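Read the figures in this text as sums done on the coordinates, not as results from a lab. The structure displayed is predicted, hence computed values, not measured ones. For neighbour counting, all protein chains shown are included, and Cβ atoms are generated from backbone atoms with ideal geometry for every residue, glycine included.
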Protein chains: 2
Amino acid sequence: MGLDQLAVRPHERLAAYLADGMAAVNVLIRERMASEHAPRIPEVTAHLVEAGGKRLRPMLTLAAADLCGYDGPYHIHLAATVEFIHTATLLHDDVVDESAQRRGRPTANLLWDNKSSVLVGDYLFSRAFQLMVETGSLRVLDILSNASATIAEGEVLQLTAAQDLRTDEAIYLQVVRGKTAALFSAATEVGGVIAGAPEEQVRALFDYGDALGIAFQIVDDLLDYSGDVTATGKNVGDDFRERKLTLPVIKAVAKSDAEERAFWSRTIEKGRQQEGDLEHAMALLRRHGALEATRAEALAWAAKAKAALELLPAHEVRDMLRDIADYVVARIS
Amino acid sequence: MGLDQLAVRPHERLAAYLADGMAAVNVLIRERMASEHAPRIPEVTAHLVEAGGKRLRPMLTLAAADLCGYDGPYHIHLAATVEFIHTATLLHDDVVDESAQRRGRPTANLLWDNKSSVLVGDYLFSRAFQLMVETGSLRVLDILSNASATIAEGEVLQLTAAQDLRTDEAIYLQVVRGKTAALFSAATEVGGVIAGAPEEQVRALFDYGDALGIAFQIVDDLLDYSGDVTATGKNVGDDFRERKLTLPVIKAVAKSDAEERAFWSRTIEKGRQQEGDLEHAMALLRRHGALEATRAEALAWAAKAKAALELLPAHEVRDMLRDIADYVVARIS
């Protein structure tokens, strides 16, 4: 939080640097989310697309292409593709999670209905697919189709893994790649591919997006147990109450004795929670150093993201990407 | 129904003719619906894929490729792609329609939950997309991404159009293309494209699939008002009770006077149905010749499908495709 006051946030600096490209991406998004026949589609999509997310994912694509010296038109298509895939998954997630709010506004499934969220999500996914076909790059199509499969697989895995104490760190990582990192890494990788960057750089861009996405999600999961509600907008213990097995708990479960395990089984697996359980859970997390270990892991992934950037050309965009990696973990540093 | 007893049904003859190819398609489907990490995926998918639909869509792709002399491996990928897209849309449709039964078995959303149906549908859609990327044909990707967008758009359109008396025959056709014809026409078209058939033949394959799909859906909508429950498995008037504005009603509404229009508005738009309404609806359909006009339209689309085949090489597969077009309308002939 200190960093916020120090200077303009790094993703805002990147947004300013990429302003022309992002304006073109926004035009393309608005053009392609239209539907001649079904006015419900732009209604639902506009609700979400205009809600003013940070557009971090499409920015990563433009940044990667810029960093690798691309001067063609297709990074715009790819950035819009990435945002459409992201928006489609948000629509479907809200149905799956039965959410009522997203970005401080009522969700589409609440304003319209689950049907509209499912079908408009499918429409956006198809539109994303059309946009990538227009780039004419089979390699880009391969990367984004693999990312889509990883996203869907991770989400299904989460359905069964989130309340199962056998879920270990490897499964957690798989879920996190599905939820967050797969689209981050595809976003950066396709920027390099469309620019025709050397393999080593393409790989480095993938690694940066992957590590950044993982760090991002671990920080989110950590703040749920250690955050300041005014800074995060989340109440401490939301994940616990919703019985989500995240990294801090996985680490504590791994070190638990029989009595502790019975506690986790009752509260997370069976969901029979009572007064005082959150406090006891927090005590167990502290007893086993689970919060500290989780924090160290987030920092390690952020360091990995920055290390990957070393393989890319020196460039002011590279510096901003490095600052973004620092910023993601600044809230826990 | 007479035709059923006359001889082996034409789609069964086609299945026998394409047996080797369909066996390869089934192997590929089973292989690709697996998930190393999320066992819920093959559970849900197997429930639907093994339920024994007719597999008409993948057969159309193999038939089109065979008819155009293809001898490569990728028609198998495309047939599996088409079946995956179909299965994904069924999973999502059952969530949208809150269905409890499909092909005489409980639906996946009932056996598992809506979440699994949404996310496994997304997974299958991604897997479909990976399969087509493997063919290396950008044209095939273009056709199938456009078909996917038409399907999703048609489904969204149906949400708003089905209970709106302003829905005319043009909108009905758009909905029907989304529900049925877009995947039929893409299935036949990509078979020709992968075989490198001349443009005229590719266009004819598209036209055949499009007209066949439309005929198929119109027959279904007609039988809902005129069918024999033992032959169709549907009760007369299901669409009326579910307030679905299908072609027979659209034709009757177009010829309605003020009093009739008020009746349709009350029963379909407002859903305030009472004893005797179905009988009155049937009387209005007869008064305006709506069933007869709908029947004529289905026959015209079947004839159009057969006419398209004339542009294709003489071949026993072509004869079977012609018989399938006849078979689709045999129940109303």
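Can you run down the residue pairs with Cβ atoms below 7 Å, 6 or more apart or on separate chains, where the first is in region B:24-44 and over 15 Å from B:Phe125 (Cα atoms) and at the interface with chain A (Cβ under 10 Å from one of its Cβ atoms) and the partner is among the aliphatic types (A, V, I, L, M) and part of a helix (DSSP H, G or I)?
Taking only residues 6 or more apart or on different chains, the pairs are B:His37/A:Leu157; B:Ala38/A:Val156; B:Ala38/A:Leu157; B:Arg40/A:Val156; B:Arg40/A:Leu159.
Identify all residues within region A:281-333 that are among the hydroxyl-bearing types (Ser, Thr, Tyr) and assigned to a helix (DSSP H, G or I); write none if there are none.
Passing the criteria: A:Thr294, A:Tyr327.
Kindly indicate the residue of region A:127-144 that is surrounded by fewer than 24 Cβ atoms within 10 Å (Cβ to Cβ) and of a type in the set (Gly, Ala, Ser) and also farthest from A:Phe206 (Cα to Cα) among those meeting that condition.
Ranking the qualifying residues of region A:127-144, first place goes to A:Gly136.
The rows are residues; the columns are (1) under 16 Å from A:Glu189 (Cβ atoms); (2) within 14 Å of chain B (Cβ to nearest Cβ); (3) of a type in the set (A, V, I, L, M); (4) crowded, with 24+ Cβ neighbours inside 10 Å.
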{"position": "A:Leu56", "(1), (2), (3), (4)": "yes, no, yes, no"}
{"position": "A:Met59", "(1), (2), (3), (4)": "yes, no, yes, yes"}
{"position": "A:Ala64", "(1), (2), (3), (4)": "yes, no, yes, yes"}
{"position": "A:Leu67", "(1), (2), (3), (4)": "yes, no, yes, yes"}
{"position": "A:Asp71", "(1), (2), (3), (4)": "no, no, no, no"}
{"position": "A:Tyr74", "(1), (2), (3), (4)": "yes, yes, no, no"}
{"position": "A:Phe84", "(1), (2), (3), (4)": "no, yes, no, yes"}
{"position": "A:Thr89", "(1), (2), (3), (4)": "no, yes, no, no"}
{"position": "A:Asp94", "(1), (2), (3), (4)": "no, yes, no, no"}
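Looking at (1) closer than 24 Å to B:Asp97 by Cα; (2) in contact (Cβ under 8 Å) with a residue 60 or more places away in the chain; (3) touching a Phe, Trp or Tyr at 6+ places or on another chain (Cβ under 8 Å); (4) crowded, with 22+ Cβ neighbours inside 10 Å, can you tell me which one B:Leu183 breaks?
(3)
Which residues, taken from region B:147-178, are within 22 Å of A:Thr81 (Cα to Cα) and free of Cβ contacts under 8 Å to residues at least 12 places away in the same chain?
B:Ala149, B:Val156
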